[in-house]
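Q: Dropping the structure in here first, questions after.
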Amino acid sequence: SALEKVCIIGSGNWGSAVAKIVGGNVTHHEGFDQKVNMWVFEEQFEGQPLTQIINARHENVKYLPGIRLPSNVHAEPDLARAARDASLLIFVLPHQFIAGACRTLKEHRTIRPGAKAISLVKGLAADETSSGSGPCLVSSLITKSLNGIDVSVLSGANIANEIAEEKFSETTIGYRNRRNGELFYQLFNTPYFQVNIVNDPCGVELCGALKNIVAIGAGMVDGLGLGENTKAAIIRIGLMEMMKFAKQFDSTVRDDTFFESCGIADVITTCAGGRNRRVGEAFVRTGKSFEELEREMLNGQKLQGTSTCQDVCDYLSQRNRGPEFPLFMTIHDICFRGLAPENITKFNRRQTNSK
Ligand code: NAD
Ligand code: 13P
């Protein structure tokens, strides 16, 4: 049929909030098939498969409890089946699972020719195809895996639980192809979730990945009890390093993107209320490892900032560019090299001393 058919790939905290928005919008606009498939990585919840609970109760009781999902959203445990005949693919998985999902989609070839994708993932992928290896954009990995598919990105100041409760927020869609950007605008925009579309897909995507590093630093500030001025300083310096990194990583990235929801606004919200902030604080207060804290505190949800920090800082170190990014490198050394958290405010001196 000519109707656009949507498949949501992922069903965590954000994936489920997005299912509520998208499930609603396909019924409000013309041109969309009204059934939306949502791929759920199957697990047991209180002795029952999570997909069965979601389909019976229209609620993701594990990852977004208390929020009713539209009944036209169908939870499906088999990815190839969920994506069968889909023309619009929404990727909303923790970044560590993207490569696996792409491999399955590639093997089964069930998506419709000419399908379009959008990535809501905030993280980087590993470039498995290049000989040098290193981080690459999740959108690039999806394009490479799926026969050159066009991939837009959506990223913004979007803590999932608040959006699921219909509290007003904004977001940013970065498009490569304007018509696809406008199609995804229709799919996502609501009165309480205001979308702005911009022609800087790499900038939007890199903002979403890099702000998680800054949020871990902001959490460390909270763990040390340093106060609001210190946190604002970390946010400001972090934003500057995000801009510098993004523009060096991809020369098409534009400065004004950092003033969209995906830029400054997302840094602020994640440094105030995100999971990366929360676990960064607990890391300082408890001295436990990030793996342990993720298991104890997040109930199956995934932390994105630590592995992004590792990938970004390895990339910089390999190019001898670490000294240009003293905050990122200090957060890295506190996370992975046993550097004392107090150094979060001492990086300028460290940098000077090391010269
Ligand atoms: P989540 O962290 O809440 O949940 C983790 C998900 O991973 C679960 O659905 C789980 O079933 C799934 N999973 C576990 N093992 C898996 C495997 N081996 N293969 C595939 N899936 C597996 O997820 P989320 O919050 O929806 O995050 C998805 C993306 O959206 C992330 O990049 C995140 O940064 C981004 N994001 C999250 C929020 C938010 O507020 N939660 C907001 C904006 C963007
Ligand atoms: P956390 O993953 O740190 O919770 O951030 C959520 C987010 O991306 C808000 O925009």
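The values are calculated or read from the model by the stated rules, or taken from the named source; none is laboratory data. Computed from a predicted model, the values in this text were never measured in an experiment. Methodologically, a virtual Cβ is constructed for each residue, glycine included, from the backbone with ideal geometry; neighbour enumeration extends over all protein chains shown. Accessible surface is based on the protein model in full, side chains and every heavy atom, while ligands, DNA and RNA are left aside. Shrake-Rupley method; radii C 1.70, N 1.55, O 1.52, S 1.80 Å.
Q: Taking only C-alpha pairs under 8 Å that are 6+ residues apart, what is the relative contact order of segment 56-202 in percent? Please report the intermediate quantities before stating the final value.
A: Values: 238 pairs, mean separation 24.2, N = 147.
Reported as a whole number, the value is 16 percent.
Q: Once you've got the Cα coordinates, tell me which of K106/K244; K167/K288; K35/K62; K122/K288 are over 32 Å apart.
A: Values: K106/K244 34 Å; K167/K288 34 Å; K35/K62 22 Å; K122/K288 24 Å.
Beyond 32 Å between Cα atoms: K106/K244; K167/K288.
Q: Let me ask another. So what's the net charge close to S155: Lys and Arg +1, Asp and Glu -1, counting the other residues with Cβ under 13 Å from its Cβ? Write down the numbers at each step before the final one.
A: Values: positive: K122, K211; negative: E170, D200, E205, E260, D266.
Neighbour charge sum, excluding S155 itself: -3.
Q: Also, quick follow-up: Given only helices, namely DSSP H runs of n ≥ 4 each adding -39500 (n - 2.57), what is the per-residue ellipticity at 222 nm of the chain, to the nearest 500 deg cm²/dmol? Numbers along the way, then the final one.
A: Values: 15 runs with 169 residues, N = 355.
Helix contribution divided over all residues of the chain: -14500 deg cm²/dmol.
Q: On to the next question. Kindly express, to the nearest 10 degrees and within the range 0 to 90, the angle between helix 178-188's C-alpha long axis and the longest C-alpha principal axis of the chain.
A: The two axes meet at around 80 degrees.
Q: Roll a 1.4 Å probe over the protein chains and send me the accessible area per residue for the chain in Å². List each step's numbers first, then the result.
A: Details: 15180 Å² over 355 residues.
Normalised by residue count, the accessible surface of the chain is 43 Å².
Q: Here's something else I'd like to know. What is the set of long-range amide H partners of E4 at a cut-off below 5 Å, with H atoms built 1.01 Å from backbone N?
A: Here the answer is F32, D33, since their amide H atoms fall under 5 Å of that of E4.
Q: A further question on this structure: Which angle from 0 to 90°, rounded to the nearest 10, does the C-alpha axis of helix 326-336 make with the longest principal axis of the chain?
A: Approximately 80 degrees, to the nearest 10.
Q: Then there's this: Quick one: ranking K144, K211 by accessible area, 1.4 Å probe, largest first, what do you get? Present the calculation step by step, with values, prior to reporting the outcome.
A: Values: K144 110, K211 15 Å².
Final ranking, largest accessible area leading: K144, K211.
Q: Run the simple label-point estimate for E166 and N147 please: 7 Å along Cα→C-beta, distance reported in nm.
A: Between E166 and N147, the simple spin-label model gives 4.0 nm.
Q: While we're on this one: Go through the cysteines of the chain and tell me which have no other cysteine Cβ under 4.7 Å away.
A: C7, C102, C136, C202, C271, C309, C313, C335
Q: Using modelled backbone amide H atoms (1.01 Å from N, in-plane), which distant-in-sequence or interchain residues come within less than 5 Å of T172's amide H?
A: Placed amide hydrogens put S155, G156, N196, C262 under 5 Å from T172.
Q: Probe 1.4 Å, all protein chains in place: accessible area of F325 in Å², nearest 10?
A: F325 exposes around 0 Å² with every protein chain in place.
Q: Spin-label point model (7 Å from Cα, Cβ direction): what's the A2 to F259 distance in nm?
A: 4.2
Q: Right, something else. Once you sort the root eigenvalues of the Cα gyration tensor of segment 68-211 as a ≥ b ≥ c, which label holds: rounded (a/c under 1.5), prolate (a/b larger than b/c) or oblate (the other case)?
A: On the way: a/c = 1.58, a/b = 1.21, b/c = 1.30.
Verdict is oblate for segment 68-211.
Q: Counting only protein heavy atoms, what percent of the accessible surface of the chain is carbon or sulfur at a 1.4 Å probe?
A: Details: 7240 of 15180 Å².
On the chain, the fraction of accessible area on carbon and sulfur atoms equals 48 percent.
Q: Further question: For the pair Q96 and R57, what calculated FRET efficiency results from E = 1/(1 + (r/R0)^6), where r is the Cβ-Cβ distance and R0 = 35 Å, to the nearest 0.05?
A: Values: r = 28 Å, r/R0 = 0.81.
Once the sixth-power term is evaluated, E becomes 0.80.
Q: Contact order normalised by length for segment 197-355, with contacts defined as Cα pairs under 8 Å and 6 or more residues apart; what percent is it? Let's see the in-between values first.
A: Details: 193 pairs, mean separation 48.0, N = 159.
The normalised contact order for segment 197-355 reaches 30 percent.
Q: Relative contact order for the chain: what is it in percent, counting Cα pairs under 8 Å that are at least 6 residues apart?
A: Values: 687 pairs, mean separation 48.3, N = 355.
Worked out over the chain, it gives 14 percent.
Q: Relative to the longest principal axis of the chain, what angle (0 to 90°, nearest 10) does the C-alpha long axis of helix 201-223 take?
A: Result, in degrees: 50.
Q: Once ligands and nucleic acids are excluded and a 1.4 Å probe is used, how much of E228 is accessible, expressed in Å² to the nearest 10?
A: For E228, the solvent-accessible surface is approximately 140 Å².
Q: For H332, H74, H58, give me the order by solvent-accessible area with a 1.4 Å probe, most accessible first, ignoring ligands, DNA and RNA.
A: On the way: H332 10, H74 60, H58 35 Å².
Result of the area sort, largest leading: H74, H58, H332.
Q: Once the whole set of protein chains is in place, how much accessible area is left on M243, using a 1.4 Å probe, in Å² to the nearest 10?
A: The accessible area of M243 comes to roughly 40 Å².
Q: Long-range amide H contacts for F193: which residues qualify at under 5 Å (H placed 1.01 Å from N, peptide plane, sequence gap of 5 or more or a different chain)?
A: Under 5 Å from the amide H of F193: S169.
Q: Shifting gears a bit: Using θ = phi - 60° and the Karplus relation 6.51 cos²θ - 1.76 cosθ + 1.60, list the HN-Hα couplings for segment 263-274 in order, rounded to whole Hz, with x at every Gly or Pro.
A: Once θ is set to phi - 60°, the couplings for segment 263-274 become x, 3, 5, 6, 4, 4, 5, 5, 6, 9, x, x Hz.
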